[in-house]
Amino acid sequence: MRKIKKIAVMTSGGDAPGMNAAIRSVVRTCAYYHTDCMGIYRGYQGLIEGDLVTLTARSVNNIIHKGGTILKSARSKDFRTKEGRQKAYENLQKHNVDALVVIGGDGSFTGGVLFNKEFNFPIIGIPGTIDNDISGTSHTLGYDTALNTAVEAIDKIRDTASSHNRLFFVEVMGRDAGFIALNAGVGAGAEEILIPEEDLGLERMLESLKKSRRSGKSSSIVVVSEGDKTGKNVFELADYVEKNLPEYEVRVSVLGHMQRGGSPSCFDRVLASRLGVSAVELLLDGKTNLMVGLKDNKVIATDLEKAIKGEHKIDTELLRVSDIMTT
């Protein structure tokens, strides 16, 4: 087993609040252990193109509070080819890089697993995605921040909904996972929550809204995950309700990419710091093909392939709480 003398760090896939804090943690942990560190710009595409830069502890001053990623991110079609991955490997060899920390989601980790198998190159993953849809961790970087952003926005929308006696459909991110919608919906007191994991049905939604109306509610909030199982997008849902419940004045608000931006929460900054330290220490201990994550507030390591293939299931207890709270 070769000694790890230089580690490279990259961010890949969609950006998430906390990625900069994770970069900072990786770089400063390397400095603490007298290990050289490099940053790779634009993910795998930057690696293929040789876009690497030396990072020191001072290079990451004043970034812990910043959203996005200073290393940028990009999708890479070239990395899906054998030739592209060969070029990436050659660039790592050229810069004398011995190991790689990949901050990203399942697509980034899938590329990392393949790269490790082909070149036996040490890789550790740090989960960074606002969707929180990675197995092996209770929280991914950016999820807590995105959740708080969504709740704050829904609170503001409720103010205007109450003022005008309107029904608002609020779409949040989460094409394949309803973690943001469910938790933000409960936290913001939504009257109904639609998520990809559960097909609650349009009739049930109508009945719930009728019930709210009969109980004296003059305004309502329905939180919709962008991939909910009703099969209709948020605007189609609004039209459906207007046709079947004409007494409601319906409006739609799509929160969109604002959930990805902004300064990371304290939770995400601390989580990023913990995971960055663990990622570097695992590599220095000769470990590879693992993802660091959080379970019961302790940092754990999960096989990278299991993290990709495993399913992070929605909290059924929270679904039950949601049902009770909409009474």
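Label zone (E247, point 7 Å along Cα-to-C-beta; backbone nitrogen cut-off 19 Å) within segment 159-178: 161-169. How big is the gap, in Å, between the Cα center of segment 230-254 and the Cα center of segment 111-153? First find each Cα centre; the distance between them is then 33 Å. Proximity of backbone amide H atoms, modeled 1.01 Å from N, is registered between L55 and C37, M38, G39 at under 5 Å, excluding neighbours fewer than 5 places apart on the same chain. Counting only protein heavy atoms and a 1.4 Å probe, segment 230-317 has 54 square angstrom of accessible area per residue. When only alpha carbons are used to place a centre, segment 299-324 and segment 258-285 end up 19 Å from one another. Summing charges over all other residues whose Cβ lies under 14 Å from the Cβ of A188, with Lys and Arg as +1 and Asp and Glu as -1, gives -4. In this rough spin-label picture, where each label sits 7 Å from Cα along the Cβ direction, the K5-E118 distance is 2.6 nm. When peptides 32-38, 94-100 are ranked by their average number of other Cβ atoms within 10 Å per residue, the highest-first order is 94-100, 32-38. With 21 Å as the limit on Cα-Cα distance, the pairs of K232/K309; K3/K94; K6/K66; K210/K243 that go past it are K232/K309; K6/K66.
For the chain, DSSP calls about 25 percent of its internal beta bridges antiparallel. In this simple spin-label model, placing a label point 7 Å from the Cα along the Cα-to-Cβ direction at both T316 and R204 gives a separation of 1.4 nm. Computed from the Cβ-Cβ distance with R0 of 35 Å, the FRET efficiency linking M325 to I300 stands at 0.65. Within the accessible area of segment 1-140, the carbon and sulfur atoms contribute 47%, probe 1.4 Å, all protein chains present. Partner lysines whose Cα lies under 21 Å from the Cα of K156, excluding those fewer than 8 positions away in the same chain, are identified as K217.
Along segment 115-120 the Karplus relation, 6.51 cos²θ - 1.76 cosθ + 1.60 evaluated at θ = phi - 60°, assigns HN-Hα couplings of 4, 5, 5, 6, 10, 6 Hz to successive residues, with x for each Gly and Pro.
The values are calculated or read from the model by the stated rules, or taken from the named source; none is laboratory data. In this text, all values refer to a predicted model and were calculated from it rather than measured experimentally. Counting neighbours? That spans all protein chains shown, and the Cβs are built from the backbone with ideal geometry, glycine included. SASA here: full protein model, heavy atoms, side chains in, ligands and nucleic acids out. Shrake-Rupley method; radii C 1.70, N 1.55, O 1.52, S 1.80 Å.
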